[in-house]
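Working notes, beginning with the structure itself.
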Amino acid sequence: VLVKGAVYDRGGSSTNRVEAEALVAEIVRRLRDPVERERSLGVVTFSRAQQALVEDLLEEAREQWPEIDPLFDPEVRAEPVFVKNLENVQGDERDVVLFSVGYGPDASGKVRANMGPLGQRGGERRLNVAITRARQQLVMFVSFEPDQLDLSGTSARGLHDLEAFLQSA
């Protein structure tokens, strides 16, 4: 899902609010749909800051639509909805995983290749773990086209793998 008009708040909150809002709207849509809600759901973000923003927006949504609240409770549902970041999602699987890249064009429109743990050593393993958490469907929310990502100055395999993955998607 290409989220148009989204901006990554580089140097500020380090979040992408428009992308997070689009993601939460999709979560709510799925959880309110009687067929979709039968499939377990997980959310993965690239950063802790984006994870916190998504969690905050979900708290608001759970107040607005109380019927979705039990789907987050492990005592009610064997596989409750989870929200985790790239670094702590290991071991969790769900039928559907919604993935928020979060990083994207800054206020000047530039997409930088600085994407937290993905650009570090072993970032490709983190990406692999994250995208393999979905049993049936993976939906990526991203705020840029793959060719907007300038990787000329980095050899980080995780970033190159992300670009290739987005190209194929």
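The values are calculated or read from the model by the stated rules, or taken from the named source; none is laboratory data. The model shown is predicted, which means the values in this text are computed figures rather than measured ones. Cβ: placed from backbone, ideal geometry, glycine included. Neighbour counts: every protein chain shown. These area figures cover heavy atoms from the full protein model, side chains too; ligands, DNA and RNA do not enter into them. Shrake-Rupley method; radii C 1.70, N 1.55, O 1.52, S 1.80 Å.
Distance between the pseudo-spin-label points of residue 164 and residue 95 (7 Å out from Cα toward the beta carbon): 3.2 nm. Calculated [222 nm] ellipticity per residue, helices only, for the chain: -10000 deg cm²/dmol; basis is -39500 (n - 2.57) per DSSP H run with n ≥ 4, divided by all residues, nearest 500. Here the Debye sum runs over all C-alpha atoms of the stretch 8-90 as equal scatterers in vacuum, and log10 of I(q)/I(0) at q = 0.11, 0.12, 0.17, 0.27 Å⁻¹ comes out as -0.29, -0.35, -0.68, -1.42. Could you check how much of the accessible area of the stretch 35-122 is carbon and sulfur, as a whole percent, using a 1.4 Å probe? Its accessible area is 43 percent carbon and sulfur atoms. Each residue, residue 88 and residue 129, gets one label point 7 Å from its Cα in the Cβ direction; the gap between the two is 1.3 nm. For the stretch 109-152, which trypsin sites (Lys or Arg not before Pro) are both in a DSSP coil and crowded by at most 14 other Cβ atoms within 10 Å? Passing both the DSSP loop test and the Cβ count: 110, 121. Where in the stretch 74-103 is the amide nitrogen less than 11 Å from a point lying 7 Å along the Cα-to-Cβ axis of residue 145? Zone members listed by number: none at all.
Go through (1) -0.27, -1.39, -1.57; (2) -0.23, -1.12, -1.36; (3) -0.36, -1.26, -1.38 and flag the label whose value is the computed log10 I(q)/I(0) by the Debye sum over Cα atoms at q = 0.08, 0.18, 0.20 Å⁻¹ for this structure. Calculated log10 I(q)/I(0) by the Debye sum over Cα atoms at q = 0.08, 0.18, 0.20 Å⁻¹: the matching label is (2). Neighbours of residue 6 by Cβ distance under 13 Å: Lys/Arg scored +1, Asp/Glu scored -1, total -2. Within a Cβ distance under 9 Å of residue 123, other residues only, what is the Lys/Arg minus Asp/Glu net charge? Around residue 123, the charge tally is +2. Split the chain at each of the GluC sites (Glu not before Pro) in a DSSP loop with at most 14 other beta carbon atoms within 10 Å, and the longest piece is 94-169. For the pair the stretch 134-152 and the stretch 1-47, the centres of their Cα atoms are 13 angstrom apart.
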